[in-house]
């Protein structure tokens, strides 16, 4: 059975990272004309519908943390691979 605990080269650095968070299919009803999505949000639909006496703007958006942050398959702090030292 191979040992995988020390698979990285000694002295290598890893940046901090978080597991990606994503979602969508949510809507903002009655958004103003200058409403847009930015950062981790992205506009996917911009519809104007007439409800009763006036028009209402509906903005649909998605959320994806990888648009603004380092993401990975794991959440981790920045780290450095060091040789284990045991003192008995």
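Please treat every number below as a calculation from the coordinates, not as lab data. Quantities reported herein were computed from a predicted structural model and do not represent experimental measurements. We place every Cβ from the backbone using ideal geometry, glycine too, and count neighbours over all the protein chains shown.
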Checklist entry - Fully extended, how many nm does the chain gain between residue 57 and residue 20 (0.36 nm per residue separation, minus their Cα-Cα distance)? => result 10.3 nm
Checklist entry - Distance in nm between label sites at residue 49 and residue 88, each 7 Å beyond Cα in the beta-carbon direction? => result 7.3 nm
Checklist entry - At residue 72 and residue 27, where each label point lies 7 Å from the Cα along Cα→Cβ, what is the point-to-point distance in nanometres? => result 4.0 nm
